[in-house]
Amino acid sequence: MPKIAEIDDTPNPNAVKFTLHEPLTWGISHSFESADQAAGDALASALFAIEHVSNVFYVDRWLTVTQDGKADWPELVRLIAVPLRAAPAAAAHSAAAVFEARASIADLSQQDQARLEAIRELLDARIRPALKADGGDLHIVGLAGNELSIHYQGACGSCPSSISGTLSAIENLVRTIEPDITVLAV
């Protein structure tokens with residue numbers, strides 16, 4: 001059972017990040033925007049059963065919970081801690097499962113796969129650590145021509161700065177290797 005090491009505010013006033021002593025997963029992120037999406041996940045389902053929880057995101061040793069803005073955080077944190085402490089720690093995932101979770105987007109040419117991998121490496125090195133530190137992340141949804149589609153997860157999903165400043169910073173960074181690219185948040 002994971003034990004909570006730290007509880008931190010995020011730049012999104014409606015999201016809180018829990019850092020754990022033990023991992024919930026090994027490199028595979030879980031992001032849910034509703035109780036219906038979380039139906040097959042015991043931890044996320046238990047968290048959505050708590051009134052005001054509107055988003056659950058977890059990966060490795062941290063979990064971010066977003067609320068609808070109507071709850072008192074100290075009370076909500078106490079309620080969230082109960083199912084979080086009861087959740088099992090991650091079993092060692094096989095290398096194949098982790099690789100599959102990070103698999104390339106289907107139906108891309110070999111050239112576009114190479115472009116996507118370069119973009120992914122850049123985002124992994126320069127953007128994702130900052131997003132994770134703030135209780136969020138991003139997932140690359142697609143690459144079509146010069147359009148890169150990303151989806152924010154966790155605290156980033158409903159954070160006002162992610163749609164403006166962060167998206168612009170991501171686009172500017174990716175343009176250092178792909179000068180004509182446009183980045184869209186979906």
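Okay, residues lined up against (1) surrounded by 16 or more Cβ atoms within 10 Å (Cβ to Cβ); (2) in contact with a strand residue (DSSP E or B) (Cβ under 7 Å, 6 or more places away or on another chain); (3) among the hydrophobic types (A, V, I, L, M, F, W, C); (4) not assigned by TED's automatic domain parsing to the domain that holds Ile28:
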| position | (1), (2), (3), (4) |
| --- | --- |
| Gln110 | no, no, no, yes |
| Ala118 | no, no, yes, yes |
| Leu138 | yes, yes, yes, yes |
| Gly142 | yes, yes, no, yes |
| Asn146 | no, yes, no, yes |
> Lys132 fails exactly one of the following numbered conditions: (1) outside the structural domain of Gly27 (by TED's automatic domain parsing); (2) of a type outside the set (Ser, Thr, Tyr); (3) at pLDDT 90 or above. What is the number of that condition?
Replying inline: (3)
> So, of the residues in segment 84-108 that are of a type in the set (D, E, K, R) and at pLDDT 65 or above, which turns out to be surrounded by the fewest Cβ atoms within 10 Å (Cβ to Cβ)?
Replying inline: Asp107
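Hey, could you check segment 1-24 for residues that are in a loop (DSSP other than H, G, I, E, B) and of a type in the set (A, V, I, L, M, F, W, C) and say which is nearest to Gln67 (Cα to Cα)?
Looking at the filtered set, the residue picked out is Leu24.
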>> I'd like the full set of residues that are more than 18 Å from Gly157 (Cβ to Cβ) and either touching a Gly at 6+ places or on another chain (Cβ under 9 Å) or surrounded by fewer than 15 Cβ atoms within 10 Å (Cβ to Cβ) (or both), limited to segment 27-59.
In response: Ala39, Gly40, Ala42, Ala49, Glu51
>> Just to be sure I understand the filter: pairs with C-beta atoms under 9 Å, separated by 6 or more residues or on different chains, first member in segment 11-38 and closer than 20 Å to Ile163 by Cα, second member part of a loop (DSSP other than H, G, I, E, B) and among the polar types (S, T, N, Q). Which pairs pass?
In response: Val16/Thr10; Lys17/Thr10; Ser31/Gln37
> List pairs: first in segment 68-89 and under 18 Å from Ala35 (Cα atoms), second among the hydroxyl-bearing types (Ser, Thr, Tyr) and not in a loop (DSSP other than H, G, I, E, B), Cβ under 7 Å, 6+ apart or cross-chain?
Replying inline: Asp68/Ser54
>> I'm trying to understand the selection: among the residues of segment 25-83, which are hydroxyl-bearing (Ser, Thr, Tyr), in a loop (DSSP other than H, G, I, E, B) and modelled with pLDDT of 95 or more?
In response: Ser34
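To keep it simple, each residue is scored yes or no on (1) under 13 Å from the mean Cα position of the chain (by Cα); (2) modelled with pLDDT of 80 or more.
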site: Glu147; (1), (2): no, yes
site: His151; (1), (2): yes, yes
site: Gly157; (1), (2): yes, no
site: Pro160; (1), (2): no, no
site: Ser164; (1), (2): no, no
site: Asn172; (1), (2): no, yes
site: Pro179; (1), (2): no, yes
site: Ala185; (1), (2): no, yes
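The values are calculated or read from the model by the stated rules, or taken from the named source; none is laboratory data. The shown structure was predicted, so the numbers you read here are calculated from the model rather than taken from an experiment. When we count neighbours, we look across all protein chains shown, and the Cβ atoms used for this are built from the backbone with ideal geometry, even at glycine.
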